[in-house]
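*Asks:* First, the structure itself, so that you have it in front of you.
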Amino acid sequence: MKQPKNQIIALVLFTMIAGVSAFGQENGAEWKAPRVVNPGSKASDCIQLPPSDAIILFDGKDLTQFETTSGGVAGWEVNDGVFTVAKKAGDIRTRKEFSDFQLHIEWRIPENIEGSGQLRGNSGIFLQGKYEIQILDSYNNETYFNGHAGSVYSQVPPLVNAMRMPGEWNVYDIIYTAPTFKDDGTFRTRPSVTILHNGILVQNNTTIMGITFKDYKGYPPGETHGAGPIVLQDHGFPVSFRNVWIREL
Ligand code: MG
């Protein structure tokens, strides 16, 4: 029997809505916003200058340590010791590639940010160019639990929400262990990450299940790779960065 057209449309709409509702509940985790923790002092009061063995990725002057993802000149704006995502300039990556590391990076959502959910100050840091640590304005902003600032994007939510308000500086200290692979290309050991957001633990030796795909909801497979760059995401929002350094482990 042929279904009437409006029934088919209703079915399609229902499926779409059900799909959206289920979003955030994959992998058996419940949909729950991370608990809010006030990080205390303002970042401007406590910049951690690079230690003696750090590689300086941004010293406030220029983006010579970065390039576009196709190897061109990084076109983000540099002003007053800060660099900012520029419209349509695309993602940028470090010229140097890394395996295990400790990364310090400070970032700021503009004070006049608009939008909501994922469309509010979205950026991100791709570890080895593969695994996204989310940057978002999570201050009074609802979104799916594993899409908040400090999440391993689309996989693991932060333990708490330690976000400072727009206009203030946030700090990530990211300790990362690269994956190893078997001959057949599957993980021997998965990557893992520990993250402090404004000095507060948000990922505690978290296992990363696979590479981050755009719009991928769940755990993708691994993909054999060696050392990789730090990639910063241009998601169309003027998120700023400063004091970026890394220690190879
Ligand atoms: Mg992002």
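The values are calculated or read from the model by the stated rules, or taken from the named source; none is laboratory data. Every value quoted in this text rests on a predicted model; they were computed, and no experiment measured them. Note: ideal-geometry Cβ built from the backbone for every residue, glycine included; neighbour counts use all protein chains shown. Side chains included, ligands, DNA and RNA excluded: accessible areas come from the protein's heavy atoms. Shrake-Rupley method; radii C 1.70, N 1.55, O 1.52, S 1.80 Å.
*Asks:* Name the residues in the stretch 83-109 that are under 20 Å from G236 (Cα atoms) and open to solvent by 20 Å² or more (accessible area, probe 1.4 Å), would you?
*Replies:* Of everything in the stretch 83-109, those that are under 20 Å from G236 (Cα atoms) and open to solvent by 20 Å² or more (accessible area, probe 1.4 Å) turn out to be T84, K87, K88, A89, G90, D91, R93, R108.
*Asks:* Let me ask you something else. Taking the condition over 27 Å from G90 (Cβ atoms), open to solvent by 30 Å² or more (accessible area, probe 1.4 Å) and within 14 Å of the chain's Cα centre (by Cα), does L196 pass?
*Replies:* Yes: the conditions hold for L196.
*Asks:* Pick from Y139, Y172: which is aromatic (F, W, Y) and open to solvent by less than 40 Å² (accessible area, probe 1.4 Å)?
*Replies:* Step by step, each of Y139, Y172 is checked, and only Y172 is aromatic (F, W, Y) and open to solvent by less than 40 Å² (accessible area, probe 1.4 Å).
*Asks:* Continuing with the same structure: Please name all residue pairs, on different chains or six or more residues apart, with Cβ atoms under 8 Å, provided the first residue is in the stretch 70-90 and is of a type in the set (S, T, N, Q) and the second residue is open to solvent by less than 30 Å² (accessible area, probe 1.4 Å).
*Replies:* The qualifying pairs are T84/W76; T84/V239; T84/S240; T84/F241.
*Asks:* Pick out the one residue from G71, G40, G75 that is assigned to a loop (DSSP other than H, G, I, E, B) and surrounded by 13 or more Cβ atoms within 10 Å (Cβ to Cβ).
*Replies:* Every option except G75 fails the conditions.
*Asks:* Moving on. Could you count how many residues in the stretch 47-64 are free of Cβ contacts under 8 Å to residues at least 40 places away in the same chain, touching a strand residue (DSSP E or B) at 6+ places or on another chain (Cβ under 8 Å) and open to solvent by 70 Å² or more (accessible area, probe 1.4 Å)?
*Replies:* Selection size over the stretch 47-64: 1.
*Asks:* If you scan the stretch 104-141, which residues turn out to be away from the ligand (no atom under 12 Å from the Cβ), assigned to a loop (DSSP other than H, G, I, E, B) and within 21 Å of I230 (Cβ to Cβ)?
*Replies:* I109, Q128, G129, K130
*Asks:* Turning to a different aspect of this structure: Tell me which residues, restricted to the stretch 142-153, are surrounded by fewer than 21 Cβ atoms within 10 Å (Cβ to Cβ), in contact with a Gly (Cβ under 6 Å, 6 or more places away or on another chain) and not in a helix (DSSP H, G or I).
*Replies:* Once the filter is applied, which keeps residues that are surrounded by fewer than 21 Cβ atoms within 10 Å (Cβ to Cβ), in contact with a Gly (Cβ under 6 Å, 6 or more places away or on another chain) and not in a helix (DSSP H, G or I), the stretch 142-153 yields only Y144.
*Asks:* Let me ask something additional. Could we say that Q155 is touching a residue at least 24 places away in the same chain (Cβ under 8 Å), closer than 21 Å to N204 by Cβ and away from the ligand (no atom under 16 Å from the Cβ) here?
*Replies:* In short, no.
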